[in-house]
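Here the structure is laid out as structure tokens; the discussion comes afterwards.
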Amino acid sequence: MIADPAAFIAANTRVQPAPLTPELRFHLAEEALPIWQKTEEALERIGLPPPFWAFAWAGGQALARYVMDHPAQVAGKRVLDFACGCAIAGIGAAKAGAARVEASEIDPFAVEAALANAALNGVEIMAEEIDLIGQDRGWDVVLAGDVFYEGPGAARIRAWLRALHDRGALVLIGDPGRAFLPKDALEPLARYDTPVSRDLEDREIRFARVWRFASE
């Protein structure tokens, strides 16, 4: 059993920037296979999720780049980084001047990584281990990176994000073409050619876009 998430993160990652955000630093795995194997071994015993938090996924990178390049979208606002992973999008929002950044994850290791990465970058985020789907805490902006990769949850996430959009929140989705992205309901705002790990994505570049819900 992995008793100390902070120690595990420190021992199995290296502090480094992500390709689209050279001004930020994160605890990231240098290779996918070793850390995946270690957490799979733990998963058999304690149900630990795969270490999605150890990588800067293309959709999250695109969101971080977008909000830092367009700070008016988040400046002075209350922001949620949903399913935050390494919290790259939320940290980007904090750097762009968000008044408050909240981050949610269902993996306690991701929560620990999000807090550690925020500290690395000199910003504060409130990270919580929780499934927020269906909740509305009054966020002004919701950032959702790489959340449409799995069929069972995609419909729930889409309906929830759409409801937040309909009540007036700015919902920004970062996605490099995941299988369950609801393109029919979205319009693109920006595109980024994003270097990624071939071990994870079976390619070296993904074309990540930032999307918002289209008006009905």
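Which ³J(HN,Hα) values, rounded to whole Hz and listed in residue order, are derived for the range 18-30 from phi using the Karplus coefficients 6.51, -1.76 and 1.60 in 6.51 cos²θ - 1.76 cosθ + 1.60 with θ = phi - 60°, glycine and proline given as x?
With coefficients 6.51, -1.76 and 1.60, one gets 9, x, 7, 10, x, 7, 10, 10, 9, 7, 10, 6, 7 Hz.
Figure the gain on full extension for ALA7 and ALA75 (residue separation times 0.36 nm, minus the Cα-Cα span) and round it to one decimal in nm. Show your work: numbers first, answer last.
Numbers: separation 68, 0.36 × 68 = 24.48 nm, distance 3.35 nm.
Extra length from ALA7 to ALA75 when fully extended: 21.1 nm.
Any chance you could check the Cα centroid distance between the range 64-115 and the range 139-192 for me, in angstrom?
After rounding, the separation between the Cα centres reads 15 Å.
Please give the net charge around LEU189, taking every other residue with its beta carbon less than 14 angstrom from that of LEU189, where Lys and Arg add +1 and Asp and Glu add -1.
Net local charge, LEU189 excluded: +2.
Quick one: if you stick a label point 7 Å off each Cα along the C-beta vector at ILE130 and ALA155, how many nm between them?
Result for the modelled spin labels: 2.6 nm.
Relative contact order of the range 5-213: what whole-number percent is it, with Cα pairs under 8 angstrom and at least 6 residues apart? Mind showing how you got there, number by number?
On the way: 461 pairs, mean separation 40.4, N = 209.
Over the range 5-213, the number comes to 19 percent.
Using packing as a proxy for protection, rank 171-182, 78-89 so that the peptide with the highest average count of other Cβ atoms within 10 Å comes first. Mind showing how you got there, number by number?
Details: 171-182: 21.2, 78-89: 28.8.
My ranking of the peptides, most packed first, is 78-89, 171-182.
Please get the size of the charge dipole for the range 54-144, origin at its Cα centre, with Cβ charges of +1 on Lys and Arg and -1 on Asp and Glu, quoted in debye to the nearest 20.
Dipole about the Cα centre, nearest 20: 420 debye.
ARG100 to ALA163: extension gain in nm, 0.36 nm per residue of separation minus the Cα-Cα distance?
Separation in residues times 0.36 nm, less the Cα-Cα distance, equals 20.5 nm.
Every number here is computed from the coordinates shown, using simple stated rules; none is lab data. In this text, all values refer to a predicted model and were calculated from it rather than measured experimentally. Neighbour counts are summed over all protein chains in view; Cβ atoms, including those assigned to glycine, are modelled from backbone coordinates with ideal geometry.
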